[in-house]
1. Just list whichever of 454/594; 323/516; 349/387 have alpha carbons separated by over 24 Å in the model shown.
2. I'd like the accessible area for residue 328: 1.4 Å probe, protein heavy atoms, all chains in place, Å² to the nearest 10.
3. For 708, 316, what's the largest-to-smallest order of accessible area, 1.4 Å probe?
4. Given a Förster radius of 22 Å and the C-beta distance between residue 209 and residue 142 as r, what FRET efficiency does 1/(1 + (r/R0)^6) yield to the nearest 0.05?
5. Given a 1.4 Å probe and every protein chain left where it sits, what share in percent of the accessible area of segment 172-233 is carbon and sulfur?
6. At a 1.4 Å probe, what is the % contribution of carbon and sulfur to the accessible area of segment 548-697?
7. So with the 1.4 Å probe, I'd like the accessible area per residue for segment 344-480, rounded to whole Å².
8. Given the protein chains as shown and a 1.4 Å probe, how many square angstrom of residue 740 are accessible, to the nearest 10?
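The values are calculated or read from the model by the stated rules, or taken from the named source; none is laboratory data. Just so we're clear, the structure is a prediction, and the values are computed from it rather than from any experiment. Positions of Cβ are backbone-derived with ideal geometry, glycine not excepted, and every protein chain shown enters the neighbour counts. Keep in mind that these areas ignore ligands, DNA and RNA; they rest on the heavy atoms of the full protein, side chains included. Shrake-Rupley method; radii C 1.70, N 1.55, O 1.52, S 1.80 Å.
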Amino acid sequence: MAAAFAKFRVGTPGAGSSHASYITRASALDPDRHRNRGVELDLNRDEDSVARALDDNLNERAFDEKSDPDADPVWTWNAPSFLTGDEYGRDSKPPRSPRDVNRQDALLTQKMMAPITSLKARRRLREKVANVRAFFGSKEEFEKAKGGRTHYRVILSFDVPATNSQIRDLTNQFLKDTFPKAIAFGAIHRDTEHPHVHLFLHARQVDGKKIYLSRQEYASIDERWAKIYSEFAGERSVYVEHLRKKEETKQWKIAAAEAYRKGEAIPLKPERDNDRRERLAEQRLSAQRSQARDRGKQLDPRPAAEPVARPGSEKETSRLLAKEQVAREELAHLIRTEAPDVQVKWVAKTAHEYGVALEKTLAARKENGKEELPQVVYTTEEWKQLKVHCDSRDIAVNDDQAAARLQSTRIMAGAELRDAQAKGEAFETSRHFWKFDVEGWGKMSLRETEAKIKQHTEEKFKLYNFLRPSKRESIQRTVDYFQEVKKDLQTQLATAGHNIDKNFGAAEIKYNVASKLVADAERARASQGKSMPSPVFDREDLIKMSDIANRNKDARLLVYVYNQVKDNLLANPTREAVSGVKGKAVMARMEMLKRAERLKAAIEFGEFRQLPIRNVKGRDYTKSLREVEPKSALEFIVRHFTDTAEQKRERQAVADGLASQLRKAQEQSSKARDWSVVRDAIARDYCRAAGVRDSQVEPELNRDQIAELRAYAETLPYMAAFRKEFREAANMAEQGLQRREDEAAREAQQARTQELSGFQSRELSRSDSNTTKTDRSDRDSYSRGR
């Protein structure tokens, strides 16, 4: 069934111009238009600036010829006809140029009052948008100076397909019934699932009086739109259903207020559209994507909006508490019922986002002296979900298999949490080396971009203005270009860091929920005289944990996975399996030595290393400790009194970054050592089970690993034991690789030979059969001839 939706708000004084520009943005009026970034721009030298011409060109290309041919998505109501060529509302008077204006205002007025004569849809719509923004922006400034309300905002939604002409006619009917004397314009948006109209109403009407709505008139705005919309949709039930929902919400508010006054539980809230979407977040997300699309960027699929924290609203805080609890219960239900991993991760991210929003809300409420939380308010749909989730609470208590799987889920969640934590730590210490695509330069990192800026800046200062000014200007343009590239990289790094934090938060909340479920099941089973069974893993779980262990060099996790499958692996190990384990042990030993050398270099050259730090705006840049630390005791004393707070913060941030990198290098060295020890132990177990000595096993390595092993061996001292060991391992691995390649070639040759011999035998048998048939026919004819 179609649904009617109308929203009326008082606009913030002074924000009318920005709101008029927002609702007339190109990507919302025509969201399906794809921009071609390679189109050459035709810049008009009479325009104010290149940026203005670029913006106009993008706006013009945003309006396509394929838009709705019957009506443009922008029109006016009770406004001068020269704005858009429309005369909806009262009869328009002929335009008259104002007197006593300066030259600039006169040119603006003359340009705005020019008739709309463009035949092309995109040019015509562009002129309409420019006129509407200028006209209503000037009225906004005039009304703001007088004080009081300046404008109103109205949103009318459509749940059934409709053309621009139909939407415009229905909206005009709504304006005629509700705001007949208002000066307004409408903009049709099609950038969401359903088309909708944004109405901008100027606060002062055509008769010079301000819009005034009584309480009854204000409460009936949505009813008037529901009646009009129901007639258009052809369903009288739309209007009746709207009135029923409105009365239901009214009765709930009365009951909720009474329950709150008595200290009782708040009754269930009726489910509405506002409960299923985050309104302010959707608006911000839509604005950000629209701005990016207007700049010509290709956008990914629209992500889900993040929850909004409004600590000053008791209603929003109550709903946020409910949403956070429902998300956690849904995550627990999915974990208990062994739902697909993709679904569990999505719900975990949702629960994390609600948790973050709730934490910010509680902190803000505490600062404002509102430590007492309001009662949790659930909707009817959320209460149904909670009842479904409660039905699965006793699965792990009554079923041993479910309890065992719950144990394994907790262990898996712990491994994923350590993996997410390792990714976060690696990003924090090496994010300035992350590379992103830069048009014309391939992939570049923040460190490389800053090196380019520094290099060209030094070249510029080596030149003299009076000798080579054009050369300096050319270098400066290059520096400005890389400054823009740096800003883009900083934005991408901030986005990547935000995504990593979200993934870590989702992994953390999944582990916490799984751990709580295991603890609850253990207590419930203990009350029944049962113990928790051992975890049971399937093949996919073990492979996933093994990948996490190998990726992070996690020796403890590898030992745990190895112990789960140790008996099966060592029952009858093949030569290939023993060689593969030996190859991994050799590479782990080399990695251990490399990590030790990196730790030594980090300690020795720590003051010279470029370290990633963030400024007060949260943007990344790099500095070394040598660049910010005082060079002498006297300089230290002077800078202690002369440095600004930002300089002191920067020096402390660099020192903290160096300490973090040293700590990370030490941890990686320790992890590499433990990893090598575990790999050697596994290799010894394989050799013992196969009945061979370790020196007799040739490691299985590919050609890149062999080359890396030999190259590293050459860097070691001539008499070092590892040098000889790595060279011998590389030679044995190369011999084994050559033998495997020869065996593979012989097998392929034998397969081709067998296929060829089979083909020849089939051809011979076919030839023999044909000859036999021919001989028989000759004998028969001969016999018949006789």
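1. Working: 454/594 31 Å; 323/516 19 Å; 349/387 22 Å.
Violating the 24 Å limit, Cα to Cα: 454/594.
2. Solvent-accessible area, nearest 10 Å²: 100 Å².
3. Details: 708 75, 316 35 Å².
The residues order as 708, 316, largest area first.
4. Numbers: r = 15 Å, r/R0 = 0.70.
With a Förster radius of 22 Å, E is 0.90.
5. Details: 1350 of 2890 Å².
Exposed carbon and sulfur together represent 47 percent of the surface.
6. Values: 4590 of 8720 Å².
Heavy-atom surface of segment 548-697 belonging to carbon and sulfur, 1.4 Å probe: 53 percent.
7. Values: 8100 Å² over 137 residues.
Ligands and nucleic acids excluded, the result is 59 Å² per residue.
8. About 70 Å², ignoring ligands and nucleic acids.
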